[in-house]
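The structure under discussion appears below in the form of structure tokens.
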Amino acid sequence: MGDDALLVELAGADAACSLALWARAHLSAREVVPGARSVLLDGLADPAGAAARLVALRDGPDWPDRRRVEDAGTAEDLVELSTVYDGADLDDVAGRWGCTVAEVVERHTATEFRVAFCGFAPGFAYLSGLPAAWAVGRHADPRTRVPAGAVALADTWCGVYPTASPGGWRLLGRTDAPLWDVTRPRPALLAPGTRVRFVVAR
Amino acid sequence: MTITVLDAGLLTTVQDRGRHGYAHLGVPRAGALDAAAAALANRLVGNRPDAALLETTMTGASFRAGRAVTLAVTGADCGVRVDGRAAPFAEPVSVRAGAVVVAGPARRGVRSYLALSGGLAVPVVLGSRSTDTLAWVGPPAVRTGDVLPLGPVTGAAAPSDVTVVRVPVGPLRVRRGPRDDWVSARAWEVLTGSAYAVSPDSDRVGMRLAGPALERLDRGELASEGIVLGAVQVPPSGLPLVFLHDHPVTGGYPVIGVVDPADLARCAQARPGDEIRFALR
């Protein structure tokens, strides 16, 4: 891709995230950007050398499509997000899942999510973990304003809006966790690889 | 010490070489669109290459210097006036404290760069002083009346042997991929055989184009994936666009090729209506 970038395709979000963590540890790239089924390696110091190492990894036992690559330490921190479940689309999601609102909350809090990738806005994390059967479509007409901290679903992704913005995701609730702060050494609370659990706010 | 902005013009932003290493968190790179012109302006006034300067758009901008300062204007060719008197373009110019400096409007091109000795010392956010107009990380766009801090002078002004940075002419050279097979073979003939016109809604995010649409092949939905600077993306309209420094970090429309980095200055300086052609590398 261009002069000094590679786009690596994988089977899914978790594999992409694992490969991104491997690339960060083993390759010299200015940017390592996981996507839904890919990892962009941009600004590679040695694109040909990186490609060769990726081919060797792909042909070996540790390619993340087959086996989870050993993850780099701190990215595996578990973040708990205290959440008030009062979202405008709770009933709607319950209808789609064929369960009660209480069961939506139960299922959501029982799921261990993982940040697959970020996009849309700084600190906006796409959390994987929901099964395909629970996929919900986006609103055809996005809301003009979704408040900061909104916890929402789209397809099998769960996301938390770091700042108020327009949005078409289905709203489950809200958290006041500080998701994005450029003055912190790690500005995004939810960076790729981070594990996330939602807990009901007391 | 500071400068006071008397007229911010159409869009003036603070830029340096951009914000690197945060794309995975959703932060665009930002940075001067015409990187070579910005580097020249900094060199002329004796700044480090990563000093922050002003990037103006079409109309130029004016300010009052709060201290004696050396300045240089590069990029889009424009008139430079200090206290009402003409001053040279793309050369170091010493001005007294209190001087009023007007740069612009651009005669050719779009973006002029105004470097001041010491650089603009706005706060560093995630490693850069650049304004990013997509996610608004970094300082807001410059407004009339703003007072911008200057940093300490780091070097002597250096008249340069090469004071004209030539914006490349000819077609934008494109390297195919990664999603070059998401459009038809005919689409590649159309892309490389047609004249496109720069669209008025082009901005720091991307150069949008009017012209013949490219035929997309039905390959379902593309999962969101990382985007690079200079990416040629084909949205459902079929009209290609070239992503510039404030591009989103990921996108769900196919990127069929990437423009040679050496040709990006051309995109930065292309005016609405200007003709753009593409050629394969």
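The values are calculated or read from the model by the stated rules, or taken from the named source; none is laboratory data. Given the structure is predicted, the values throughout are model-derived calculations rather than measurements. Methodologically, a virtual Cβ is constructed for each residue, glycine included, from the backbone with ideal geometry; neighbour enumeration extends over all protein chains shown.
Quick notes on this one:
- Taken together, the residues in region A:150-193 that are away from chain B (no Cβ under 14 Å) and among the hydroxyl-bearing types (S, T, Y) amount to 1.
- Pairs where the first residue, in region B:66-77, is in a strand (DSSP E or B) and the second is crowded, with 22+ Cβ neighbours inside 10 Å and among the charged types (D, E, K, R), C-beta under 7 Å, 6+ apart: B:G75/B:D34; B:G75/B:R111
- Of all the residues in region A:94-113, those that are in contact (Cβ under 8 Å) with a residue 40 or more places away in the chain and either at positive phi or among the charged types (D, E, K, R) (or both) number 2.
- Hits in region A:127-160 (condition: part of a strand (DSSP E or B) and touching a helix residue (DSSP H, G or I) at 6+ places or on another chain (Cβ under 7 Å)): A:S128, A:V136, A:L153
- Going through (1) surrounded by fewer than 23 Cβ atoms within 10 Å (Cβ to Cβ); (2) within 14 Å of another protein chain (Cβ to nearest Cβ); (3) in a strand (DSSP E or B) one by one, A:F117 falls short only on (1).
- Condition broken by B:D83, with the remaining ones in (1) touching a Lys or Arg at 6+ places or on another chain (Cβ under 6 Å); (2) at positive phi; (3) not small (G, A, S) satisfied: (1)
- Of A:T83, A:T163, all but one fail to be of a type in the set (S, T, Y) and either touching a helix residue (DSSP H, G or I) at 6+ places or on another chain (Cβ under 7 Å) or under 25 Å from B:V125 (Cα atoms) (or both); the exception is A:T163.
- Looking only at region B:211-236, and only at residues there that are in a loop (DSSP other than H, G, I, E, B) and of a type in the set (V, I, T), the one that is surrounded by the fewest Cβ atoms within 10 Å (Cβ to Cβ): B:V234
- The set of residues from region A:173-188 being in contact with a Pro (Cβ under 9 Å, 6 or more places away or on another chain) and under 17 Å from A:H108 (Cα atoms) comprises just one member, A:R174.
- Residues of region B:241-281 satisfying the condition of being within 26 Å of B:R17 (Cα to Cα), of a type outside the set (A, V, I, L, M, F, W, C) and more than 14 Å from chain A (Cβ to nearest Cβ): B:R266, B:Q269, B:R271, B:P272
- Criterion applied to B:A37, B:A52, B:A61, B:A41 was being among the hydrophobic types (A, V, I, L, M, F, W, C) and farther than 30 Å from A:D42 by Cα, and the one residue passing it is B:A61.
- Flag for A:R170 being among the basic types (K, R) and touching a Pro at 6+ places or on another chain (Cβ under 7 Å): no
This table checks each residue for (1) over 20 Å from B:A223 (Cβ atoms); (2) crowded, with 23+ Cβ neighbours inside 10 Å; (3) not polar (S, T, N, Q).
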{"site": "A:A140", "(1), (2), (3)": "yes, no, yes"}
{"site": "A:G149", "(1), (2), (3)": "yes, no, yes"}
{"site": "A:T163", "(1), (2), (3)": "yes, no, no"}
{"site": "A:P166", "(1), (2), (3)": "yes, no, yes"}
{"site": "A:L172", "(1), (2), (3)": "yes, yes, yes"}
{"site": "A:L189", "(1), (2), (3)": "yes, no, yes"}
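- Boolean, A:G87 is in a loop (DSSP other than H, G, I, E, B), surrounded by 15 or more Cβ atoms within 10 Å (Cβ to Cβ) and modelled with pLDDT of 95 or more: yes
- Enumeration of residues in region B:18-34 that are surrounded by 22 or more Cβ atoms within 10 Å (Cβ to Cβ), within 14 Å of chain A (Cβ to nearest Cβ), on the phi < 0 side of the Ramachandran plot and under 18 Å from the mean Cα position of the chain (by Cα): B:R19, B:V27, B:P28, B:R29
- Some residue of region B:247-266 being within 21 Å of B:S194 (Cβ to Cβ), in contact (Cβ under 8 Å) with a residue 40 or more places away in the chain, among the charged types (D, E, K, R) and not in a loop (DSSP other than H, G, I, E, B): yes
Residues are listed down the side, and each one gets a yes or a no for (1) farther than 14 Å from B:R176 by Cα; (2) in contact with a strand residue (DSSP E or B) (Cβ under 7 Å, 6 or more places away or on another chain); (3) modelled with pLDDT of 95 or more:
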position: B:E215; (1), (2), (3): yes, yes, yes
position: B:D218; (1), (2), (3): yes, no, no
position: B:E221; (1), (2), (3): yes, no, no
position: B:Q233; (1), (2), (3): no, yes, yes
position: B:S237; (1), (2), (3): yes, no, no
position: B:P240; (1), (2), (3): no, yes, yes
position: B:F243; (1), (2), (3): yes, yes, yes
position: B:V259; (1), (2), (3): no, yes, yes
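- Annotation: B:D201 fulfils all but one of (1) out of contact with any Ser or Thr (no Cβ under 8 Å at 6 or more places or on another chain); (2) within 14 Å of chain A (Cβ to nearest Cβ); the unmet one is (2).
- The condition of being farther than 30 Å from A:A25 by Cβ and outside any loop (DSSP other than H, G, I, E, B) holds for A:G173.
- Breaking point among (1) away from every other protein chain (no Cβ under 14 Å); (2) more than 23 Å from the chain's Cα centre (by Cα); (3) farther than 26 Å from A:A188 by Cβ, for A:W97: (2)
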